[in-house]
Amino acid sequence: MLRFAIYSLAVSILVSGSARAVPLAGGIHKIRHVIVIMQENRSFDSYFGTFPGADGIPMRDGIAQVCVPDEATKTCVRPYHDTNDEDTGGPHGSKAADLDIDGGKMDGFVNVMQGAQRTGGCPTDIPTCVVKGHETTVMGYHTAQELPNYWAYARNFVLQDRMFEPVRSWSLPTHLYMVSEWAADCPKIGDPASCKPERQYFKEVDFPRDLFDKDDPQAPGRPDYPWTDLTYLLHASGVSWAYYVMDGFEPDCENDQTSCNLKPQTARTPGIWNPLLSFDDVKQDGQLSNIKDTSAFFSDLRNGTLPAVSWLAPGNRYSEHPPGRLSAGQAYVTGVINAVMRSPYWDSTAIFLSWDDWGGFYDHVAPPDVNYFGYGLRVPGLVISAYARKGYIDHQTLSHDAYVKFIEDDFLGGRRLDPKSDGRPDPRDGVAENATQLGDLQSDFDFTQPPRSPLILPGGIGPPYKPGYTGVP
């Protein structure tokens with residue numbers, strides 16, 4: 001008994017010592033660590049469209065009861081079970097989002113693919129359009145056969161079937177929303193008042209990386225985001241945070257271009273999945289060192305230095321962004337979650353797992369009109385925690401904005417991003433996490449239950465994530 005008490009005290013010191021002093025309290029404050037794992041380019045229906053109890057693809061006797069027109073063949077294409085480990089994906093920029101949604105009809109997916117094929121073919125690196133003869137692959141869906149671990153998490157924790165990307169667009173705007181609740185174009189460097197809402201982003205990411213020091217986040221030519229992001233509030237309140245970036249290459253072409261040379265990605269290279277290096281407040285607060293290589297996440301777990309708030313961005317090979325293999329992405333995510341579950345942090349952690357945009361894949365639910373640019377299309381969302389409800393399907397209307405809201409409620413006493421009071425006024429009418437339609441992630445937890453045991457799944461991998469390392473168990 002004494003040995004158990006000493007161990008419990010040691011665990012308490014280890015876990016609480018890595019963040020600011022957060023009192024051990026009930027309710028949401030039992031969560032002292034939030035980890036956001038953001039994967040790439042999958043719609044809800046493409047991953048969980050046949051999950052029991054979820055708002056999935058309308059089916060009868062195993063046959064989809066919905067179909068999408070194909071103008072080229074004058075046919076109607078039904079969703080089908082895709083057993084492949086690799087997919088081609090489809091256009092997923094702002095224009096593609098509007099065409100796929102088609103005013104709520106949700107019937108543009110195949111024709112958008114056909115249009116991409118007609119207007120320039122496909123890239124050599126990333127298929128943001130379709131290979132001739134495979135125009136209907138966006139209608140494929142996967143099941144537990146291809147995604148056993150993701151479905152196991154859904155069965156044992158929380159699956160969200162109304163999680164929408166916060167903006168109708170591609171990866172960069174979504175990642176900006178994930179950390180700052182906004183995406184904007186700011187013609188005057190350092191001047192948030194000059195910013196205007198933006199969801200396409202051509203010039204913001206089209207900077208000549210070979211013309212300056214790649215290891216200097218403040219070098220001329222870098223993109224500049226002068227409005228306030230969430231880390232400003234965290235830093236001001238003494239709440240620790242880290243953004244972990246995997247070495248490798250970015251998986252996406254800029255703004256859904258039809259071809260590109262993949263750009264290198266590191267923790268010191270600003271880019272599509274690493275936007276915080278380009279936020280003025282991160283630089284001014286001296287927080288650039290909080291942007292780390294993914295390997296540091298595992299060492300932080302081992303050393304008892306995991307921050308209160310963490311984001312994880314994968315490299316292209318493990319991102320699930322087409323043509324990234326499902327098995328590789330699932331193995332990486334499982335490795336991360338297994339590591340958390342094996343650590344002393346498990347009993348105080350909430351893991352939010354989602355995918356940044358729909359990747360061109362079919363989804364049958366029309367997104368609600370909530371903000372200036374969205375919501376965007378539906379994506380998978382999972383909540384994994386010792387306090388998560390078991391086998392619960394959350395039908396609330398959600399977006400990635402709910403992650404910010406939860407973090408603010410847990411660590412900041414409900415304080416919100418506010419351009420009127422944070423010293424960086426910008427033209428926003430309000431902040432996205434205050435939308436009345438947005439649900440509350442606290443509903444996904446039962447804080448009265450004792451902490452649940454970990455669910456260690458097979459097939460998880462960890463570092464090294466190096467070129468040539470397939471990640472397939």
Can you spot a residue in the stretch 403-410 that is more than 18 Å from the chain's Cα centre (by Cα), crowded, with 21+ Cβ neighbours inside 10 Å and closer than 23 Å to Ile337 by Cβ? yes
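Tell me which residues, restricted to the stretch 68-95, are in a loop (DSSP other than H, G, I, E, B), open to solvent by less than 70 Å² (accessible area, probe 1.4 Å) and within 26 Å of Glu146 (Cβ to Cβ).
Pro79, Asp82, Asp85, Asp87, Thr88, Gly89, Gly90, Pro91, His92
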Can you work out which of the residues in the stretch 1-55 that are of a type in the set (A, V, I, L, M) and either buried (at least 22 other Cβ atoms within 10 Å of the Cβ) or at pLDDT 95 or above (or both) is nearest to Thr174 (Cα to Cα)? Met38
Answer residue from the stretch 365-388, given it is open to solvent by 30 Å² or more (accessible area, probe 1.4 Å) and in contact with a helix residue (DSSP H, G or I) (Cβ under 6 Å, 6 or more places away or on another chain) and is modelled with the lowest pLDDT among those: Asn371
Just the residues that are assigned to a helix (DSSP H, G or I) and either closer than 30 Å to Gln265 by Cβ or not charged (D, E, K, R) (or both), please, taken from the stretch 411-466. Phe411, Ala432, Glu433, Asn434, Leu441, Gln442, Ser443
Please go through the stretch 376-410 and pick out each residue that is in a loop (DSSP other than H, G, I, E, B) and of a type in the set (S, T, N, Q). Gln396, Thr397
Expected single match for hydrophobic (A, V, I, L, M, F, W, C), at pLDDT 95 or above and assigned to a helix (DSSP H, G or I) among Ala116, Ala144, Ala152 is Ala152
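The values are calculated or read from the model by the stated rules, or taken from the named source; none is laboratory data. Computed from a predicted model, the values in this text were never measured in an experiment. Positions of Cβ are generated from backbone atoms using ideal geometry, with glycine treated the same way; all protein chains shown enter the neighbour counts. Surface accessibility is based on the protein's heavy atoms, side chains included, excluding ligands, DNA and RNA. Shrake-Rupley method; radii C 1.70, N 1.55, O 1.52, S 1.80 Å.
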